[in-house]
């Protein structure tokens, strides 16, 4: 069960410590992810060169690996950074964008999960189902399944991999394989803003940098995402303004707005 | 001549079917293109790796190739994806960003048009003139010609290539080499939003995915772009807010706003 | 000392001539940089392929090199473009993003400065200190030093390299090694918008394209940045709206708003 005091504490810790969150992410979501990390109080860095990726991962407080626009050289960099982080006990979030859409994506996902042992895996329902069941096909990068449908696969995946698994959707589920936390905050229009899932992974990266209880940290991050998205959607006419209002809301979110808007 | 009923029908089809539009596009416009496709109701995916590009193109409803920030490996991916699409009768839009600015761009354009036989080629006037006349030079990626000046080259290019050719500018012309459709909607401030032309190509990609009459589909897409841009510009103070208002308008555009704003 | 008449003249020249500014920059800031250049009246182009980078640099009015998301092939392109520009007397701005964060970044910075002899180097305080003192370490890409602390290093770096050095921060300093210009306009929230520093480098690129007195041109550009950011921040609730309002303000900035808001 979520404790709002701890959620507020984690948010404060992100703002006080401004953890360096190293992102190896996709071209579409880089700008959004960086701005969301700045809005929440973290310090983002994007770096993927084989000539520096281990060094950068080694000085970071957490690492976010996202395969949205993957290619061979980037995957090499992801594996080097991920293994460096693993060696140095730096927590890693893995975002398996489009898992199941092509066999290459599915193979890379398996390799990253096995070799980097991410602390948290965050995906939409279709991606989590595809990770669990290598035969499942997904359509591009948008989910065609409900979060509920992915709950069993998520628990099994968490059990097998040792990672916390986050399914994001209208309802978010966060599980370590046995306990399941539920986040009902959010707004359906968020799915119409590109990179919103990637942004969620980045925010999880900020929270696991300050709270070593990754189930709790990931749940807190998803509440912050959901609450900020829900508040922002109220004054948004479409996915353009939602993208902007979301950042503004994240920038200003505080204990009062959390307590007022959280759905428990 | 445009039939508004058919335009409204195509928009409805995009929203109902949510076609998967595979984009191999430039770094600058990826986020805009993805958000515009989501706003109009399509499902965007960005993928360029040689390890998956044929598979992704093969499951897509249409393919958008845009050379804005081209490089050798990406061009290989464009050609593989484009030829896969051609084999599978998946329609392709080609956006020859900066054609004529460097000889490399001009060569790549020729190769893509010859090998992928795009259903639609969409560019600004300078780019279309450069495609037609290999000797013409352009300044960077912004047009220095009027759309009218490109009309003859567009018709000749359409005749030679078998592609529908779209010249976008203050007035847009869409031609199959003989028929010419004209779109007068739009606003000059749109040229001050980076990637607006790339976004137009992406929206054409959504419409040719639901309407096999590509002249009609491309014309409908350009009307949607022009009408949304024109409405959005009314409440925009500069290119920042126009980028956002454009997405919001696209998100909400409907038969009523189309009928009220279309210039025939 | 700044002369407002000259500042206004340079802004008018950018708008009249619309100089082609060639950017080899990072994935995070490409969209922002392009939109900011369009807002101020310049014509941006992004190109990095080894197959065209020399040709593109050769037709540009200025070149902006930014290593935010550097990798080996891009660094090759930066060096080719930078040396082409040097040969053809085309001014170059260099943005040493994250200098000092990894040894690779520091080495690349040294190489670019030595081989391309940039007209202007623009960085935050930590980056400028790292360039001057190869042993200094920085945390990611955000500055942990005040601009004042970087003033001596900036002057020394300017003296050694022959470049104008710009330190941006709450107060900006612009120096040729002896003269120091000071820009006090701006707002702290600007540091929370990703790519704002990169945008400043791009705007410097637009101004050095029209004014060969690079100390003056860079100072003018930093005033435009600071004034636009300060005006925009007044109506911004967070880093989301600031990013958009900044572009709108830049789009509309004129002699009156400059005279009213400049801090001398």
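The values are calculated or read from the model by the stated rules, or taken from the named source; none is laboratory data. Predicted, not measured: the structure shown is a model, and the values here were computed from it. Reconstructed Cβ throughout: ideal geometry from the backbone, glycine too, with neighbour counts over all protein chains shown.
Is it fair to say residue B:54 is in a helix (DSSP H, G or I) and within 12 Å of chain A (Cβ to nearest Cβ)?
Taking the combined requirement at face value, the residue satisfies it.
Which residues, counting only those in the stretch B:170-185, are outside any strand (DSSP E or B) and either under 20 Å from residue B:64 (Cβ atoms) or at pLDDT below 95 (or both)?
Selection gives B:170, B:176.
Could you say whether any residue in the stretch B:89-97 is within 12 Å of chain C (Cβ to nearest Cβ), at pLDDT 95 or above, in contact with a helix residue (DSSP H, G or I) (Cβ under 9 Å, 6 or more places away or on another chain) and part of a loop (DSSP other than H, G, I, E, B)?
yes
Report yes if residue B:210 is over 26 Å from residue B:86 (Cβ atoms) and assigned to a loop (DSSP other than H, G, I, E, B), otherwise no.
Against the criterion (over 26 Å from residue B:86 (Cβ atoms) and assigned to a loop (DSSP other than H, G, I, E, B)), residue B:210 does not qualify.
Which one of the conditions (1) at the interface with chain B (Cβ under 9 Å from one of its Cβ atoms); (2) farther than 27 Å from residue C:243 by Cα; (3) in contact with a strand residue (DSSP E or B) (Cβ under 9 Å, 6 or more places away or on another chain) does residue C:34 fail to meet, given that it meets all the rest?
(2)
Go through the stretch B:58-83 residue by residue and tally those that are buried (at least 24 other Cβ atoms within 10 Å of the Cβ) and more than 10 Å from chain A (Cβ to nearest Cβ).
Total satisfying the criteria: 11.
Which condition breaks for residue A:216 when tested against (1) in contact with a strand residue (DSSP E or B) (Cβ under 7 Å, 6 or more places away or on another chain); (2) assigned to a helix (DSSP H, G or I)?
Going through the list (1) in contact with a strand residue (DSSP E or B) (Cβ under 7 Å, 6 or more places away or on another chain); (2) assigned to a helix (DSSP H, G or I), residue A:216 breaks only (1).
When the residues of the stretch C:115-142 are narrowed to those that are assigned to a helix (DSSP H, G or I) and closer than 22 Å to residue C:193 by Cα, which ends up farthest from the chain's Cα centre (by Cα)?
C:126
Restricting the search to the stretch C:196-222, which residues are surrounded by 24 or more Cβ atoms within 10 Å (Cβ to Cβ), over 19 Å from residue C:16 (Cβ atoms) and over 10 Å from the mean Cα position of the chain (by Cα)?
C:219
Residues being within 14 Å of chain B (Cβ to nearest Cβ) and either within 18 Å of residue B:48 (Cβ to Cβ) or free of Cβ contacts under 8 Å to residues at least 12 places away in the same chain (or both): count how many of those fall in the stretch A:110-142.
2
Restricting the stretch B:37-47 to residues that are buried (at least 23 other Cβ atoms within 10 Å of the Cβ) and part of a loop (DSSP other than H, G, I, E, B), which is nearest to the other protein chains (Cβ to nearest Cβ)?
Only one residue tops the list, namely B:47.
Which one is nearest to the other protein chains (Cβ to nearest Cβ), of the residues in the stretch B:21-31 that are touching a strand residue (DSSP E or B) at 6+ places or on another chain (Cβ under 7 Å) and outside any loop (DSSP other than H, G, I, E, B)?
Looking at residues that are touching a strand residue (DSSP E or B) at 6+ places or on another chain (Cβ under 7 Å) and outside any loop (DSSP other than H, G, I, E, B), I get B:30.
Quick one: count up the residues across the stretch C:46-73 that are under 26 Å from residue A:44 (Cα atoms) and in contact with a strand residue (DSSP E or B) (Cβ under 6 Å, 6 or more places away or on another chain).
6
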